[in-house]
Structures are given as C-alpha cells and as structure tokens.
Amino acid sequence: MLSPILFIFTFFTLYFLMHLYLYFRLHPRHLVIKLLLILAFLSPLFIRLSDHYLSPFLSFLISFSALFWMGFLLYFIIFDLILRPFTKRLSFSLGMAILFSLYSYYETLKPEVIYLTITSSKIPQETSPFRILQISDLHLGPVMGLDKIDIVKKAVQRFKPQLIVSTGDLVDGNMDNKADLKFALKTIDAPYGKIAIVGNHEYYRGIEKALTFTEDAGFKVLRGDIYEIENFLVIAGLDDDDCRYFKRCKGPLDEKVFLKEVPKGKFVILLKHKPRVNPSAYGLFDLMLSGHTHGGLYYPVGKWLLKYFFDLEYPGLHTLTQGGYLLVSKGLGTGGPPMRFLTPPDLVIIELRTGKESSLPVLQVLSDQL
C-alpha cells in the first residue's frame, strides 16, 4: 500500500485531473464558476480545517458536501466517458451521475447483518452458544456519527452478544469535540465487554487521541495483546501496519510471531484490520476478523481492487488452508464519499457452538433486521 505522503500526492493529482476534465467539458466563461471549481478541488482541505475549527454541525455540512461532490464527480466522469461516443450533451451524464449518487447514498443507510455460525469442539457445552458482535470501519468523525452508533445499539438489543469487537477505523476525525459520540458508545456494552484494535485511520488524525477516545468509550484496545475469556476463548489483536509510517507500532506486526505465544487448545480469534494473512500463520488461529476494504465500495471496480490489493474475490467468509477462516466485514461507515454501490454496509454476528469441527460454518445474510 502507499505511504500516507505518497497517497496524498497521488490523490490530489488525480483529483486535480478530474476537475480539469470537468473544466474542459464545461468551458466556463464566468469567473464565479471558475472559482467554484477551484474551491471544489480544494474542498478536501476544508474537511480537515472545519473539523478542527468549526462547530460539529458546520463541519458536517462542509464535510458531507465536499465528500458527496467527490463521489458525484467520479460518477459524472465515468458516465461521460461511456456516453461521449454517442452524445455530446452533458445532460445525460449529469442525470446518470445524480441518479447513481443518490442511490449510492441511500445504500449506505441500509446495513446488512452477516450471521456466521461456527461449530467447534473447543467451545464448552455450558457456554454454547457464545455470540460476538463485530463492528468495523465506523469512521466516526465529521460525517459518520450517532446514526451509525444507533445501528450498533439496535444490533446489541436484537442479538444480545456476549462480546463486542471493533476491527479498526472506529474513529476518523478530530474527536476533541465529539463527546456525544463517546458517551453514546459508552452506553453500549456486553457481558464480556468491548475489545478494539486500531486501523490505519486512527493514525492519520493522531493515534494518542484516537486511543483516548476509544478507551474512554469503554473499549479495551489490543495492540499486540491477547484477551482470554472463560478459559476457552482467546482474542488476539494486532496493530495496523500503517503504524510503521508514524513510528508508533506496538507489539509484533507478524501474526506468526505473535500467535506462537498464544495458549494452545483454545478457540483463537485474530483481530487484524487489513485482511492479509501470513500463510505461515495458517493453523495458529481458528478465525480472523478484518475490515478495511468496505467491500470495494463501488461494484465492479471495487471487486478488481479487492483482487489486486488483497487477493480476495469478494468480502465475507473465506476458508483458509490448514483449518481456520477469514471473515472480512464491509464495515458500517465510509471513509470517503458517503456512497456505496452494490456493497451495502454490514455488521457481523459470530455464533460459536460446541460440536465437531467437521461441521462447516453457516453464513446467512439478514436484511432489514435493524
């Protein structure tokens, strides 16, 4: 993956070219329109500034508008390139961009529940079934807020998990003025508590503040640590490897090195933000929970990106060699434009049951359950 500096440079280069394309398609004569295009290009900077210096409400308006414009412009260019051989009129491309942008925003509001049932002899009869709620990529900040937390709260009320785990990118902004989000998260709990790992976005805005927010919201943060439950379940959490760019890593980043220290004979769940597995670690864990990819966000382009960057054909459940499974959540929030296309957000319920390992996991997609 790109380093943060290289990513920012690449992003603004591409974003400049996108606005340049729009400029030559519009041929604006009025100075006002030219200035608006310049402001639109610079709008990602306004997100950061407004998040630090304006009220949460004004920051939301500016950030949402800037990010929605980003998604709309991408759709416009795609449709304009497709339709241009057939018509020179901008109205068709604009119409399709508006239609797809509105639908893509609507899709972010309709989360799925992924319900995974795993049978294992490592689960004692007296604790079966043991339910875990996985949340991922909420990206709480200037745009993602209480509505996402309310979804989590409804899931807890509906499925009554014994444990809640967050697999990174819980926060994505200046959390100094987000006390309402912190307190809302703190009211959500489970009998065995809440566990979190950090994702790449926790580092982008300052890892110390992100950790403070997460811990104040009631999460135990695992950074190269393990958490044992009732002598049968081990939760192992790793730092995201983007910590290297900020020189703030804690604990080993290689799951093989880390998992060798985990007690044997217990059901091991590995929490790792990015869905990359060191093949030499196969057999050292029973289930790995990840996020980060958002399912690719935009089908079918996202499907190609999943394959290129993570060698995954799709989000969801993957069977690994030597036993064990990888479950990749599409996440609840969005870290960029508040849009998804055929990749609805999700949260995951993992139900652990006692039984023989020969029983294959059962995965269900539940819609309209929240």
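Laboratory data are not the source of any read-out in this text; all were calculated from the coordinates shown. Computed from a prediction, not measured in an experiment: that's the story for all the values here. With ideal geometry, Cβ positions are generated from the backbone for all residues, glycine too; neighbour counts draw on all protein chains shown.
Here the label points at F11 and I33, each 7 Å from Cα along the C-beta direction, are separated by 2.9 nm in the simple model. Subtracting the Cα-Cα distance of L45 and D241 from their residue separation scaled by 0.36 nm leaves 68.0 nm. Distant-in-sequence amide contacts of T108, defined by a placed amide H-H separation under 5 Å and a gap of 5 or more residues or a different chain, comprise R340. Sites listed here are trypsin sites (Lys or Arg not before Pro) in the stretch 41-106 whose DSSP assignment is loop and whose Cβ has at most 14 other Cβ atoms within 10 Å: K88, R89. Relative contact order for the chain: 24 percent, from Cα pairs under 8 Å spaced at least 6 residues apart, divided by residue count. Within the straight-line cut-off of under 19 Å between alpha carbons, the aspartates and glutamates reachable from K303 are E107, E112, D137, D311, E313, D346, sequence neighbours fewer than 8 places apart in one chain being disregarded. Within a straight-line Cα-Cα reach of under 25 Å, K34 can be paired with the following lysines, leaving aside sequence neighbours fewer than 8 residues apart in one chain: K88.
So how tilted is helix 301-310 from the main axis of the chain? Cα-based, degrees 0 to 90, rounded to 10. Approximately 50 degrees, to the nearest ten.
With contributions of -39500 (n - 2.57) from each DSSP H run of at least four residues, the per-residue ellipticity at 222 nm computed over the chain stands at -13000 deg cm²/dmol. Among the trypsin sites (Lys or Arg not before Pro) found in the stretch 316-370, those both in a DSSP coil and sparsely packed, with 14 or fewer other Cβ atoms within 10 Å of their Cβ, are K356. Kindly identify the stretch 25-157 as rounded, prolate or oblate by the Cα gyration tensor criterion: order the square roots of the eigenvalues as a ≥ b ≥ c, call it rounded if a/c is under 1.5, otherwise compare a/b with b/c, prolate if a/b is larger, else oblate. Here the stretch 25-157 falls in the oblate category. Centre-to-centre, using Cα atoms only, the stretch 116-170 and the stretch 173-243 are separated by 13 Å. Converting phi to 3J(HN,Hα) with the Karplus coefficients 6.51, -1.76 and 1.60 and the offset θ = phi - 60°, the stretch 101-117 yields 5, 5, 5, 5, 5, 4, 5, 5, 8, 10, x, 9, 10, 8, 10, 10, 10 Hz in sequence order, with x at every glycine or proline. Give the range of the longest stretch in the chain that excludes all GluC sites (Glu not before Pro) found in loop regions by DSSP and having at most 16 other beta-carbon atoms within 10 Å. Longest site-free region, per DSSP loop and neighbour criteria: 1-229.
Each residue of the stretch 66-81 was assigned a 3J(HN,Hα) from its phi angle through the Karplus curve 6.51 cos²θ - 1.76 cosθ + 1.60 (θ = phi - 60°); the sequence is 5, 6, 5, 4, 4, x, 4, 4, 4, 4, 4, 5, 4, 5, 5, 5 Hz, with glycine and proline shown as x.
How much net charge surrounds I114 when only other residues with a Cβ under 11 Å from its Cβ are counted (Lys, Arg +1; Asp, Glu -1)? In short, -1. For the stretch 276-337, what does the relative contact order come out to in percent, with C-alpha contacts under 8 Å and a separation of six or more? Over the stretch 276-337, the number comes to 42 percent. For the stretch 4-107, the relative contact order works out to 21 percent when only alpha carbon pairs closer than 8 Å and six or more residues apart are counted. Checked against a 31 Å cut-off, the cross-linked pairs K154/K307; K122/K153; K194/K356; K256/K307; K154/K256; K182/K274 give Cα-Cα distances beyond that limit for K154/K307; K154/K256.
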